[in-house]
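A.B. asks: Dumping the structure here so I can ask a few things about it.
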Amino acid sequence: MDLTLDKPGDHLYIRSVSEAGIQVADVHYTGPIILSATHIVEDWTSNQAIDFAERDLDKILAFNPEIVLLGTGASQVFLPPERMMYFYSRNVGVEVMNTEAACRTFNVLVSESRKVVAALLPGL
């Protein structure tokens, strides 16, 4: 699914998402990524939402987001309550959704200059 054709501002944006991966600006990623308005982390080791370890979540929180979007692949996979509390106890909002929805939501929030970070698992 193509999300945007033009660069919408002075920030990273998701151009498209498909079974083949996620295209951020002009670069295509096939593995899990963490994305903020200005940075991409490719060496994120999580491959399944239910397996997020604290070290995986720490990489997300290193960006000091106000909200985190977790894209869990083709379908929405809720995190265990203790993982959700990891965010809430640090006053960070978290939304869990499929990766396609997380990509669309990221583009909207980043265009509004919100402090958003998307942790995206591939696979649609």
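No value in this document is a laboratory result; all are computed from the given coordinates. Since the structure is predicted, the reported quantities are computational estimates derived from the model, not experimental observations. Every residue, glycine as well, gets a Cβ built from its backbone with ideal geometry; the counts of neighbours run over all protein chains shown.
A.B. asks: May I ask you to derive the FRET efficiency for S16 and E82 from their Cβ-Cβ distance with R0 = 25 Å, giving the value to the nearest 0.05?
C.D. replies: For R0 = 25 Å, the calculated efficiency reads 0.15.
A.B. asks: I'd like the chymotrypsin sites (Phe, Trp or Tyr not before Pro) in region 67-124 restricted to DSSP loop residues with at most 15 other Cβ atoms within 10 Å, sorted by number.
C.D. replies: Those that pass, being in a loop and sparsely packed, are F78.
A.B. asks: For G73, enumerate residues with amide H under 5 Å from its amide H, sequence gap 5+ or separate chain, H modeled in the peptide plane.
C.D. replies: The list, which skips near neighbours in sequence, is T99, L121.
A.B. asks: Of the candidates L35, L70, L109, which one comes out as most mobile in a Gaussian network treatment of the chain with C-alpha springs shorter than 10 Å?
C.D. replies: Residue with maximal mean-square fluctuation among L35, L70, L109: L109.
A.B. asks: Starting from the Cα-Cα distance between H28 and V41, subtract it from 0.36 nm times their residue separation and give me the gain in nm to one decimal.
C.D. replies: 3.4 nm
A.B. asks: Starting from the exponent 0.38 and prefactor 2.2 Å, build the expected Rg for the chain from its residue count and divide its actual Cα Rg by it.
C.D. replies: Against the empirical 2.2 N^0.38 Å value, I get 0.95 for the chain.
A.B. asks: For the chain, give me the percentage of DSSP beta bridges that are antiparallel, rounded to the nearest 5 percent.
C.D. replies: Percentage antiparallel, nearest 5: 55.
A.B. asks: Within region 70-124, report the GluC sites (Glu not before Pro) that DSSP leaves as loop and that have at most 14 other Cβ atoms within 10 Å.
C.D. replies: Taking region 70-124 and a limit of 14 other Cβ atoms within 10 Å, the loop GluC sites (Glu not before Pro) found are E112.
A.B. asks: Here is a further query. At a Förster radius of 25 Å, what calculated FRET efficiency corresponds to the Cβ-Cβ distance of E112 and R55, to the nearest 0.05?
C.D. replies: Efficiency at R0 = 25 Å is approximately 0.25.
A.B. asks: Then there's this: Would you please name the trypsin sites (Lys or Arg not before Pro) within region 17-124 that are DSSP coil residues with at most 15 other C-beta atoms within 10 Å of their C-beta?
C.D. replies: Sparse-neighbourhood loop trypsin sites (Lys or Arg not before Pro): R90, R114, K115.
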